[in-house]
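A.B. asks: Handing you this structure, nothing more for now.
FYI, it's all coordinate maths here, none of it is from the lab. Here the structure is a predicted model, which means the values were calculated and not measured. Cβ atoms come from the backbone with ideal geometry, glycine included; neighbour counts cover every protein chain shown.
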Amino acid sequence: MLNRDFCKFLEYHLTNAFSYSADNTVKSLWRDGVLLPLNENDYSKKSVNDKREIMLKAFIGKDGQGGYSVLMKFGKKALSKYARDLDITDCVPKADENDWYELDPEKNKIIIQLL
């Protein structure tokens, strides 16, 4: 389920994950919100099932105010839970693992891979 609680969890989880990065640029980033897509059709069950991804907006940077696009990709577990309106929080990999997100500070883009 994609709701405010999940987005708040993701916001704090990303900041925690960044703190584990070996890259000092990433380590110094701070978040100030991950927002739901503006168009509800973008995160409907059908759309998520068809595309297996959604776009979010995040505010991240040294001051927490830089606008980033966040492409969140759904793995099998997340797709299954999302289709059944279940919580997908446990589909976000552990913060100390660094292979589940890609961050490009020059393009202000983050790609997140859920389980």
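A.B. asks: For region 4-113, divide the Cα radius of gyration by the Kirkwood radius and give the resulting Rg/Rh value with two decimals.
C.D. replies: Reported Rg/Rh, Kirkwood definition of Rh: 0.95.
A.B. asks: Any chance you could give the angle, 0 to 90 degrees and rounded to 10, that helix 4-19 forms with the longest Cα principal axis of the chain?
C.D. replies: Helix 4-19 sits at roughly 30 degrees to that axis.
A.B. asks: In deg cm²/dmol and to the nearest 500, what is the mean residue ellipticity at 222 nm of the chain if only DSSP H runs of at least 4 residues count, each as -39500 (n - 2.57), divided by the residue total?
C.D. replies: -8500 deg cm²/dmol
A.B. asks: Within the chain, what's the longest run with no GluC sites (Glu not before Pro) in a DSSP loop and at most 14 other beta-carbon atoms within 10 Å? Give the range, please.
C.D. replies: Free of exposed loop sites, the longest segment is 1-96.
A.B. asks: Cα to Cα, under 16 Å, and not fewer than 8 places away if on the same chain: which aspartates and glutamates meet these conditions relative to Lys81?
C.D. replies: Result set, ordered by chain and number: Asp5, Asp50, Glu53, Asp90.
A.B. asks: Give the relative contact order (percent, whole number) for the chain; include only Cα pairs under 8 Å separated by 6+ residues.
C.D. replies: 27
A.B. asks: Here is a further query. Given a Förster distance of 25 angstrom, what is the FRET efficiency for Phe9 paired with Lys46, based on the Cβ-Cβ distance and rounded to 0.05?
C.D. replies: 0.55
A.B. asks: Report the semi-axes of the equivalent ellipsoid for region 52-115 in whole Å, largest first, where each axis is √(5λ) for an eigenvalue λ of the Cα gyration tensor.
C.D. replies: The answer is 23, 13, 10 Å, longest axis first.
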